[in-house]
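Down below is the structure, laid out as structure tokens.
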Amino acid sequence: MNVLFDNFHDFRDGFIGTLSITLVSTAIALVLGIVIAGFRVSPVPPLRYFGTAWVTLLRNTPLTLLFLVSAFVIPEILFPGMSSFVLGSLAVGFYTSAFVCEAVRSGINTVPLGQAEAARSLGMTFSQTLRLIVLPQATRTVLPPLSSILIALTKNTAIAGAFSVTELFGWQKAVSEQGYAILPVFFWVAVGYLIITFAYSAVFRLLERRLEVAR
């Protein structure tokens, strides 16, 4: 317990940093993932090609490489002076958006084709059909895999500590250098991550239960 009490303020800052980058990355991944999923099922060929390229590129690129690009290439070429927190959030969010996209696209494919055809027969556009008819029905199918993806996102944020982002693994490195035993340090780091992942699991269980009642 000494390692926690002696360094509680730093641990708190690391936990808040991990929670912050997790929430921001989640928002980026969800928004981009849903938009790219719409591109993947779009009747417009250029949008489908773009969506396919996005997913193929990001799913097959190591997350560490994305962090290297965001930390050393983007500030030099596009956005000099951008904070490491923003760059780290973008790296994790963009990477996870490819997996969110495929989960959403799988959910869209479970909706009977007749639903979209009926919407088109009523004069609804593709975006209206997707937003009002297809996505609400696909949500029930998407929630379980989406929960696993966002829990994985939480654990992936640990890489941000190596790129000057204040988070739990950055705290672990700092206190380990002070001579504390490594096992208690990793124990408290694990507790911090478990709090966040259990919260995600609880939220998704609640959503699944609510949608089951609605069904």
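The values are calculated or read from the model by the stated rules, or taken from the named source; none is laboratory data. The structure presented is a predicted model; accordingly, all values stated were derived computationally and were not measured. Neighbour counts are summed over all protein chains in view; Cβ atoms, including those assigned to glycine, are modelled from backbone coordinates with ideal geometry. The protein model used for the area step is the full one, side chains on, heavy atoms only, and it has no ligands, DNA or RNA in it. Shrake-Rupley method; radii C 1.70, N 1.55, O 1.52, S 1.80 Å.
With the radius of gyration and the Kirkwood radius both derived from the Cα set of the chain, what is their ratio Rg to Rh? Intermediate results must be reported in sequence, preceding the final value.
Values: Rg = 20.2 Å, Rh = 19.0 Å.
Here the Rg-to-Rh quotient is 1.06.
If you put +1 on each Lys and Arg Cβ and -1 on each Asp and Glu Cβ, how big is the dipole of the chain around its Cα centre, in Debye rounded to 20?
880
Could you give the DSSP H helices of the chain that reach 18 angstrom or more along their long axis (alpha carbon positions) and whose average Kyte-Doolittle hydropathy is no lower than 0.5?
Taking the DSSP H segments of the chain (at least 18 Å long, mean hydropathy at least 0.5), we get 8-40, 84-110, 135-156, 182-214.
Of all accessible surface on the chain at a 1.4 Å probe, what whole percent is carbon and sulfur?
68
Under a crude label model (7 Å from the Cα following the beta-carbon direction), how far is Asp13 from Leu194 in nanometres?
Going from the Asp13 label point to the Leu194 one covers 2.6 nm.
Charges at C-beta only: +1 for Lys and Arg, -1 for Asp and Glu. How large is the resulting dipole of the stretch 54-173 about its Cα centre, in Debye rounded to 20?
Details: 7 positive and 4 negative charges, 47 e Å.
For this selection, approximately 220 debye.
Tell me the per residue accessible area of the chain using a 1.4 Å probe; a whole number in Å² is fine. Could the numbers behind the result be given before it?
Details: 11750 Å² over 215 residues.
Each residue of the chain exposes 55 Å² on average to a 1.4 Å probe.
With the cut-off at 1.5 for a/c, could you classify the stretch 99-215 from its C-alpha gyration tensor as rounded, prolate or oblate?
Numbers: a/c = 4.96, a/b = 2.80, b/c = 1.77.
Taking the square roots of the gyration eigenvalues as a ≥ b ≥ c, the stretch 99-215 is prolate.
In debye, nearest 20: dipole of the stretch 1-107 around its Cα centre with unit charges on the Cβ of K, R (+) and D, E (-)?
560
Counting pairs of alpha carbon atoms under 8 Å apart in space and at least six apart in sequence, what relative contact order in percent does the stretch 1-122 give?
With pairs under 8 Å counted, the relative contact order is 37 percent.
Please identify the GluC sites (Glu not before Pro) of the stretch 157-212 that satisfy two criteria: DSSP loop assignment and at most 10 other Cβ atoms within 10 Å. Which are they?
Taking the stretch 157-212 and a limit of 10 other Cβ atoms within 10 Å, the loop GluC sites (Glu not before Pro) found are Glu177.
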